[in-house]
Every structure is written in structure tokens, then in C-alpha cells.
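The values are calculated or read from the model by the stated rules, or taken from the named source; none is laboratory data. Because the structure is predicted, anything quoted here is derived from the model rather than measured. Using ideal geometry, Cβ is built from the backbone for each residue, glycine included, and neighbour counts are taken over all protein chains shown. Note: areas computed on protein heavy atoms with side chains; ligands, DNA, RNA excluded. Shrake-Rupley method; radii C 1.70, N 1.55, O 1.52, S 1.80 Å.
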Amino acid sequence: MWTHFLLFFLSISSLTNFGASTLAISGDPQRSATDGGIVRNIGEMGVCENVLTGRQRCAMQSSDCEPSHIDGQLTLIGEKWYSAYQQKQRGFDPCTCKMTSIGTCLGGLSPGSTSANDRCSPQSNGFCHAGESFLDARSTNDGNTSCKCDEISYGACQDRSSNRNHFCAFSPKDCEDGMHVWIAPRDVAMVTGLVCTCENVRIGGCVGGFQGFNCAVTQDDCPWDQYFPPFSLKRVHGYTCNLCQGPQQQSTTKDELDELPQQELLPKRNRGMSTTGKALISVFFLISAISLTSLFVYRRRRIINHNKQSTGAAGTRGQNSGDEKSTDTKVSDSEII
């Protein structure tokens, strides 16, 4: 019994160490394309699914979904978010940037103009100008929106220490740790010289857990593992992801991340499985250990009880045999008399 328990413990320990060093590179990084010898991992989008009808529509992030409940009551238009990875697990094809609707910055009318200065935008922060309001994707989920993820220009992250280092980005949140500053879409070409269309836009990724590595637009795409923004994803794990795949004949623009070496400060065995993945394995091991221990105690008690019952039965049979012999002796004596 204890031999089996020891073997189980060793197998779990091996799995934990193995996962920490290899799970980060064993997953399917979604779609990929080769561009001038550089492998471009292409991001995929999730969906907002109606909680009553099951109708799905492509979305960039969970905030694009209608709330499923309002004041504690289920709504007819309520939706639930599923990431691209979750969609694959459920047997659905994930969405691409070309299929995904985005919101709009509402600019109002210019003086002397009869047309509104509305601009397609995936979010308000970093895209809409002062005085503009934002109509998010969930407000246009009737399918009438003409704004798609692959039809706009995005912003960029500029290195604070060098004007030569920059990369196109989906959100100001991708300019992490104070190392980079966000450049709004309208200023990108002048400041960086980049053309930040979707094929040049860098996004982050999910690393660790049990799914390995997947490209991710936001943290919403990482339900079980850790999200890394574009710069950290390349520096720590050596991966890069792009928001969409451009025309086959068109090469994407090389940027700071293409030249950024992978950081080797951390041992590789510490850069794989996320804290969540390790915690799940630890819980699984703990539950298994408790179950095996309980089974051992239960069987031990059964054996002890069985031995007690056997001993008691043997004593009873011995006493009965002695009583029978005494009776026989008395009978024999009476017969002699």
C-alpha cells in the first residue's frame, strides 16, 4: 500500500518539475505565419454568447459583452464571455480580427459639416480624443456596426530611453512598468514612423497552466494562467504575437520586439507553469494523499475488527466445548450410579 503511495508521490513531483520547464513551449500558439524568416504568432478573438439563445458574436474582450444579469435578474440580451482557447475546447472555431466588431469614438459634427466625425475604435482609453464619447461594441451588437478590428490604425508604445525603440500596441496597458509611453494612433506615424495597422500590432500572451502558450489580446483570454503584455512576453518567454495576419505579399514592419533578446536571468525551470497550474497540481496531490490515507486507515480498522471478531468467536466456541464436556461427564456419573 505504502509502496503505491510513494510511487504516486514521485510521479506527481516529476510532473510538477517537468511542467515548469516545458509547458510554456508545448502549447498551440494559435495560428502562425512566417514573415521573412520570422515566425508570427497570430492572435484569435473570443465570443460573447447569449445566455438564453446561445447566439454568438465575435468580441475583443469581455467588457464588450452585455451583462447577463441586471439587478439580480437574468436579461434577454445577457451574454457570457468565452476566450478563443475556451471556444476551441468547446468545439467551436475561434474568431479572427477580420470577423470581430469594435466600438466607435463619437466626435459629433464639425463646424459647417453635415457628417459626424466618428472613428472606429476598440476602446475609449488611448483612442478617443477630448470631448468625444465612446460607443462600445456591445451597444452595436445588432450587427449593424461597420467597424472591424482589421480596418483601423492603432497606437504604439515608445521606449522612454530611446526614440528608436517602439512597437505598435493594442492598448495603453501594453506600455508596461513605466518603460514605455503610449503614443495615440493619430501621432504614431509622426513620432515613430510606424504604420500601426493590425498586422503590425503586438499583443500579449497566456503562459503556464495546462494549456501552454496562447496569444491573448487582454487578460480576459487567460482564465487559468498568467497574462504577459507584449514586451514581457518576448523578454521573459521569447514569444511574440500579432493582432492579425496581413496580406501574404506584404511583410510586417520590424520593431523593437524583433530585436529584443530573451532574458536569461531566470532559470528556465522557473519560467513555465503558472502559479495557478502549480496550485491545482498541489491540491490534486493533497486530495489524493488524503484519500489514500483514509483508505489505508479504513482497511486497517477492518482487519483489526475482523481479527477481534475471529478471536471472540474462537473463545465462545472453546467455552461451549468445555460446557459440553462437563455435561457429558455429569451424565456419565449419573449413569454409573
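Being in contact (Cβ under 8 Å) with a residue 24 or more places away in the chain and either within 25 Å of Ala130 (Cβ to Cβ) or part of a helix (DSSP H, G or I) (or both) is the filter here, so list the residues in the stretch 198-230 that pass it.
Cys198, Glu199, Asn200, Val201, Thr218, Asp220, Asp221, Pro230
Restricting the search to the stretch 184-219, which residues are small (Gly, Ala, Ser) and within 29 Å of the chain's Cα centre (by Cα)?
Ala184, Gly204, Gly205, Gly208, Gly209, Gly212, Ala216
What residue, among those in the stretch 233-245 that are touching a residue at least 40 places away in the same chain (Cβ under 8 Å), open to solvent by less than 10 Å² (accessible area, probe 1.4 Å) and not in a loop (DSSP other than H, G, I, E, B), is nearest to Glu151 (Cα to Cα)?
So the residue we want is Asn242.
Mind counting the residues in the stretch 182-215 that are buried (at least 19 other Cβ atoms within 10 Å of the Cβ) and of a type in the set (Asp, Glu)?
Number of matching residues: 1.
Conditions (1) under 19 Å from Gln219 (Cβ atoms); (2) touching a Lys or Arg at 6+ places or on another chain (Cβ under 8 Å); (3) surrounded by 17 or more Cβ atoms within 10 Å (Cβ to Cβ); (4) of a type in the set (Lys, Arg), marked per residue:
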| site | (1), (2), (3), (4) |
| --- | --- |
| Arg55 | no, no, no, yes |
| His69 | no, no, no, no |
| Glu79 | yes, yes, yes, no |
| Tyr82 | yes, yes, yes, no |
| Phe92 | no, no, no, no |
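Could you check how many residues of the stretch 149-178 are of a type in the set (A, V, I, L, M) and closer than 14 Å to Phe228 by Cβ? Lay out the reasoning, then the answer.
Start the filter on the stretch 149-178 by keeping residues that are of a type in the set (A, V, I, L, M), which leaves 152, 156, 169.
When the remaining residues are screened for being closer than 14 Å to Phe228 by Cβ, the result is 169.
The number of residues fulfilling the criteria is 1.
Please go through (1) at pLDDT 50 or above; (2) over 15 Å from the mean Cα position of the chain (by Cα) for Thr22 and return the number of the only condition it doesn't satisfy.
Going through (1) at pLDDT 50 or above; (2) over 15 Å from the mean Cα position of the chain (by Cα) one by one, Thr22 breaks only (1).
Just to verify a result, which residue in the stretch 159-181, among those that are touching an Asp or Glu at 6+ places or on another chain (Cβ under 9 Å) and open to solvent by less than 50 Å² (accessible area, probe 1.4 Å), is nearest to Asp118 (Cα to Cα)?
Step one: filter the stretch 159-181 for residues touching an Asp or Glu at 6+ places or on another chain (Cβ under 9 Å), giving 159, 162, 164-168, 179-181.
If we keep only those that are open to solvent by less than 50 Å² (accessible area, probe 1.4 Å) as well, we get 159, 162, 166-168, 180.
Numbers: Asp159: 30, Ser162: 34, His166: 28, Phe167: 26, Cys168: 22, His180: 28 Å.
Checked the stretch 159-181; the qualifying residue nearest to Asp118 (Cα to Cα) is Cys168.
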